[in-house]
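This report concerns only the one structure given below.
The values are calculated or read from the model by the stated rules, or taken from the named source; none is laboratory data. Everything numeric here is computed off the predicted structure, so don't read it as measured data. Every residue, glycine among them, receives a Cβ derived from its backbone with ideal geometry; neighbour counts consider all protein chains shown. Ligands, DNA and RNA are excluded from the accessible area calculation, which covers all protein heavy atoms including side chains. Shrake-Rupley method; radii C 1.70, N 1.55, O 1.52, S 1.80 Å.
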Amino acid sequence: MKKQLLLLGIALLSIQFGYSQFILEGEFRPRAELFNNGFNYRYQPATAAPAGNLSGREGTDAFVGTSVRVALNSTYMTESYKVYIGIQEVFRFGDRTQISAAGNGNFRIQEAWADLKLSEFWSFKLGRQPLSYDDQRILGGLGWAQQARTHDVGVLKYKKSGFALDAGYSVNTLGDNIYDTALLFSYRNLAFAHISKESEKFNISGLVMNTTFQNGTDDKSNLLTAGVHAGAKIGKLGLAANAYIQSGERAGAVDVKGAYLLSLDATLKATEKFTVLGGVEVISGKEDDSAPFFPLYGTNHKFNGLMDRFYVGNHAVGNGLVDLNLGASFKVGKGYNITLKGHTFSEASSDKNSLGSEIDFVIAKGFKGYKLVAGYSQFFESDDFPNPAGNPEAKSTQNWAWAMLILKPKFLNTTKE
């Protein structure tokens, strides 16, 4: 009887899959990291020191930590809709004893959304989902972080002949007791419109986004972020530029007046195996009547050096940033990809204090069914910011090393080739 029921179930699934498609895939991504000071330091103006000095910086002894992302993702598609459900747990080696009966509390629904096809060119995507646009400077999926980033939002989409329009609004509760605004830029509501036009050699897009923060029971702040992203390919030269402004109020009714971010990046493919990288980014700092620009919900680890010293949950009250960078990417041996990049950082304020420099090295190798990636970063402290007096733990040697395995097995795929 059990065998007959199993055969019947398989037959029903076969019939169902004849009218739809189903994908079940997973991810296993452990990452070991060596932290030795420096990584994700918080640069802030000191309250009792000249503007720009560090406050609250603490050194740490070197230690190794290993975190793991484990995910199971399912996609179900028909002619009229697509449903995606992703479950995930992020854990650290040693965060649970061997015989513990409970988990670490990090198991969750990472993504859950439905994309409804309204017509040939229109669709509506609703649920918990990543928002990722352009180079991910303002809105990004934050894939580097093991937990990644998602939003609870509905997005109306239009796409035709290289032109696309996305208009979204967060579906957070309208109650007063919403996200903990003590967390950096946690919002109550989010509304945005992103418009883009792409061609083979040129693309341009515009973003307008209003973020509402809950300051208290009856008090809210609204911050407007708007700008453009453009990219072009001219022979072997690739160019990408950003220009964004912010005005309004941050959480806590902090005024923002004309804060800005400007950037230009270039890639020159010298040969099939060697590419030169270079760029500059300027982010405005605090002024007498304005808070600094902050890139909000982007994949900030991708920018301003891999040691996450700027704008990764930090530097929100700093004197801005000027990042000049130069590097190269090249292929060696049998499938090895190496990237070497150097940054020099300074404040965007009138003082132009140096914030130090950084060198990032990344090596990647793809294998059959998995990928290995590793890196090393070294930060060189500026003389403008010496180690705080009386703090022997603050050391000048600041580096970070890491190695990561990426496995994405496909357990089931009924899509037709």
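Points to keep in mind about this one:
- Among residues of the range 388-409 that are more than 16 Å from ALA62 (Cα to Cα) and open to solvent by less than 40 Å² (accessible area, probe 1.4 Å), those with a Cβ under 8 angstrom from a residue that is modelled with pLDDT of 55 or more and small (Gly, Ala, Ser), sequence gap 6+ or separate chain, pair up as MET404/ALA32; MET404/ALA374.
- So PHE345, is it touching a Gly at 6+ places or on another chain (Cβ under 9 Å), without any contact (Cβ under 8 Å) to a residue 24 or more places away in the chain and not in a loop (DSSP other than H, G, I, E, B): no
- Qualifying residue in the range 341-349 (condition: of a type in the set (A, V, I, L, M) and in contact with a Phe, Trp or Tyr (Cβ under 8 Å, 6 or more places away or on another chain)): no
- Unmet requirement for ASP134, which otherwise passes all of (1) modelled with pLDDT of 95 or more; (2) more than 17 Å from the chain's Cα centre (by Cα); (3) not aromatic (Phe, Trp, Tyr): (2)
- Residue among LEU355, LEU268, LEU340 that alone is open to solvent by 60 Å² or more (accessible area, probe 1.4 Å), assigned to a strand (DSSP E or B), of a type outside the set (Ser, Thr, Tyr) and within 25 Å of ALA401 (Cβ to Cβ): LEU340
- Scanning the range 312-324 for residues that are open to solvent by less than 20 Å² (accessible area, probe 1.4 Å) and either of a type in the set (A, V, I, L, M) or assigned to a strand (DSSP E or B) (or both) yields ALA316, LEU321, ASP323.
- Here ALA164 clears all of (1) modelled with pLDDT of 95 or more; (2) touching a Leu at 6+ places or on another chain (Cβ under 8 Å) except the condition numbered (2).
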